[in-house]
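Since the structure comes first, as structure tokens, the remarks are kept for the end.
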Amino acid sequence: MAQVLTPDYRRDLEIRRYPTYIYILVPLAALVLQAWLPRLIGRFAYMDLPLLVTIYFALNRRSPIHGTVLGAVLGMAQDGLTARAVGIHGIANTVCGFLAASIGIRIVVENNLIRMVLNFMFSLLASAMVVFITRVLLGLEFQWNWLDELLRAAGNGAIGLALFPLLDRTQARD
Amino acid sequence: MESFFSRYRNLVVLLAALLLQVIGLAVQVRKTVPVEASGVPGAGLREGRSVQLIRLWAADMVTPFERGIHGTGQGLTGLWTNYLDLRHTRDENRELQKTIDRLRLEQATLLEDARQGQRLQTLEKFREGYIYATTPAQVIGTSGSSQSHVLWLDKGADSGLKPDMAVITGDGIVGKLRDVFEHTSQVLVINDQTSGAGVVLATTRIRGILRGNAAGQPQVINILADTRILPGEPVLTAGGDQIFPRGLPVGVVERVERDRERGSFINVIVKPAAKLDNLDEVLVITALDARLSPQQMADLTTSEELKGAEVAADIERKKAAAEMAERLPGLVDPNAPVPATAKDANGKPIAPAIDPKTGQPVPVPPVIPKALPAKHPDRFSPGGVSTGGANLGGVDAGSPGDSGADAAPVAAPVGVKPPVAKKPLTAPGTATKPGTAAKPGTATKPGVRTGGAGGMKSPAPKPAKPKNGVQ
């Protein structure tokens, strides 16, 4: 277990690189699917694909700046599709991207359990930040259901288990 | 200084990104101003151009792919339904054609009612239509966030859509257009927390504002606790928000919840009539003026013709009834004002008929009122029961010279109704035999027996002076 949580292996400290088109296509696909899938499964779309993509690239690139920028862009694009102020999801994803990259430097993120826990925790953090920004910073009336947020976090954790290995296959080989 | 930035580069970038976005949020909140015309708090907010640009970029980035996915899905579905699943299509087509014919007739009736309603509304100076110009649109995406209930449509300003237009389906209202771009538009659904629509409960006529809650259910807020509100009550648009026309179905009351923050208020949870979670096609109301398609106009003409035939038949029936009434005897109230001249259906006086031989107007015989039998007949009453014991069983038939037409009412035994005259009575003074006319105001002399024993002829009875003016 100690071996899992410490960066002893050189492979874990390597910065993973991806082809440029992956940096464009994957976030775009995440946005499109996030906007399209709820049409099929209605209100049971307990997922946040842009956040998952942000976490994935931040963890694997191990670059806080990269995670910050990617989170900001994806979050603001997410806000652009909603009826709310632009920046709410942007700030949440920015913080999550930064923290994910910071954590990725310190722990091994190959383990599926760790990935699931990280996705669950970051999803809860993002939801809490959205509520905080909307109700406290913007002072807007906003109701939220903690059960929905828990389900969304759980859904992100489960989707991450399938999505992250899929995205691992896209990394550039040396 | 350089070492500081290089050492804390990550944190500096993070803080810069956060600061920029916080400033952006602050600018948006400052620039967001409510639209006064909407009349609904929180409904219809306008944003700055930069925010609109971000939304435009996001939409342009996502919606082409969504449109592609939607089109591909539609194509595959069409391939299946149009080529692979065509069994029993002819039979279905025949049945559907019958249904269409029936529905057209029903629609024509409804259109007639709708036009009547519009005329009434015009009289009341309501500038509301009942049939509206709409533009169909396809739903191609959502916001992707459960906290923001937004739909994206495949039509935009190029199709004549504008912000704040109402979006409906055949089942009920969906929402209103929020942002409209060139080829796409964004719908704020009624179950979003920032939406707002004026609604009225159909039965109790309680008005309120509809908006979404955290669970994504539309609810009517700010209503004082009222025990009359029961589940199942229909909820309609009130029409006061200048977005949704009045009377469109919103849904039905699902349950009533007490407002946690304000105890005397309740929130009425509404089950939406439209399937908000599963929408494919919607209609955008682009104008509130009445628009009738050529087919609808043809149906309306058919309906009016049918209705005209019914009216003509009804007039014929009334005319026949009137003729029958003229032939049959009836009681006429003599106190009723005599119409000066006959009038036609339009209220215009009818000219008297002209005799073709003489060229003179044909005199219209006056209406002779029939003498009513006295309520308490006595021997002074015309035709009353004779006081003479010899007359108990006899009936005074009047003088031989009296014609049946001008004969006074005959006496009848007690308990026997007076016979009804077969012909209308003539007016006093029009008696066929001079001297037999009963002078108005001439009372029967007391002591004169109106009935003779053994069928003895009695003098011509003189009508008694009516007590209540009945002649």
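The values are calculated or read from the model by the stated rules, or taken from the named source; none is laboratory data. Model, not experiment: these values are computed from the prediction. Cβ placement follows ideal geometry from the backbone for every residue including glycine, while neighbour counts extend to all protein chains displayed.
Worth a mention:
- The set of residues in the range A:79-99 that are under 12 Å from the mean Cα position of the chain (by Cα) and either surrounded by fewer than 24 Cβ atoms within 10 Å (Cβ to Cβ) or facing another protein chain (nearest Cβ under 7 Å) (or both) comprises A:Gly90, A:Thr94, A:Val95, A:Phe98, A:Leu99.
- From the list B:Val252, B:Val268, the lone residue that is in a strand (DSSP E or B) and either free of Cβ contacts under 8 Å to residues at least 40 places away in the same chain or within 14 Å of another protein chain (Cβ to nearest Cβ) (or both) is B:Val252.
- Looking only at residues of the range B:171-210 that are under 29 Å from the mean Cα position of the chain (by Cα) and within 14 Å of another protein chain (Cβ to nearest Cβ), we find that the one that is farthest from B:Thr135 (Cα to Cα) is B:Ile209.
- Among the candidates A:Glu141, A:Glu149, A:Glu110, residue that is acidic (Asp, Glu) and in a helix (DSSP H, G or I): A:Glu149
- Flag for B:Leu19 being within 9 Å of another protein chain (Cβ to nearest Cβ) and either modelled with pLDDT of 85 or more or outside any helix (DSSP H, G or I) (or both): no
- Residue in the range A:105-124 that is at pLDDT below 90 and within 14 Å of chain B (Cβ to nearest Cβ) present: yes
- Subset tally (residues that are more than 12 Å from chain A (Cβ to nearest Cβ), among the charged types (D, E, K, R) and in a loop (DSSP other than H, G, I, E, B)) for the range B:271-283: 0
- Of the residues making up the range B:128-141, not a single one is at pLDDT below 85, within 9 Å of another protein chain (Cβ to nearest Cβ), farther than 18 Å from B:Glu182 by Cα and in contact with a Pro (Cβ under 9 Å, 6 or more places away or on another chain).
- Top-ranked residue in the range B:58-91 [being closer than 30 Å to B:Gly156 by Cα and among the aromatic types (Phe, Trp, Tyr); ranked as farthest from the other protein chains (Cβ to nearest Cβ)]: B:Trp80
- A:Phe120 being part of a helix (DSSP H, G or I) and surrounded by fewer than 16 Cβ atoms within 10 Å (Cβ to Cβ): no
- Pairs meeting the criteria (first residue in the range A:52-78 and touching a residue at least 12 places away in the same chain (Cβ under 8 Å) and farther than 23 Å from A:Val117 by Cβ, second residue among the β-branched types (Val, Ile, Thr) and buried (at least 23 other Cβ atoms within 10 Å of the Cβ), beta carbons under 6 Å, at least 6 apart or on different chains) are A:Ala72/A:Thr94; A:Met76/A:Val86.
- Qualifying residue in the range A:73-85 (condition: among the basic types (Lys, Arg) and either touching a Cys at 6+ places or on another chain (Cβ under 8 Å) or part of a helix (DSSP H, G or I) (or both)): no
- Taking every residue in the range B:137-162 that is at negative phi and pairing it with any residue that is assigned to a strand (DSSP E or B) and acidic (Asp, Glu), at least 6 positions away or on another chain, the pairs with Cβ-Cβ distances below 9 Å are B:Ala137/B:Glu281; B:Gln138/B:Glu281; B:Val139/B:Glu281.
- When B:Glu257 is tested against (1) buried (at least 17 other Cβ atoms within 10 Å of the Cβ); (2) part of a strand (DSSP E or B); (3) within 14 Å of another protein chain (Cβ to nearest Cβ), only condition (1) is not met.
- Exclusive hit being touching a residue at least 60 places away in the same chain (Cβ under 8 Å) and under 17 Å from A:Val53 (Cβ atoms), set A:Leu118, A:Leu99, A:Leu125: A:Leu118
- Extreme residue, nearest to A:Asn145 (Cα to Cα), among residues of the range A:22-72 that are of a type in the set (Gly, Ala, Ser) and either more than 10 Å from chain B (Cβ to nearest Cβ) or assigned to a helix (DSSP H, G or I) (or both): A:Gly42
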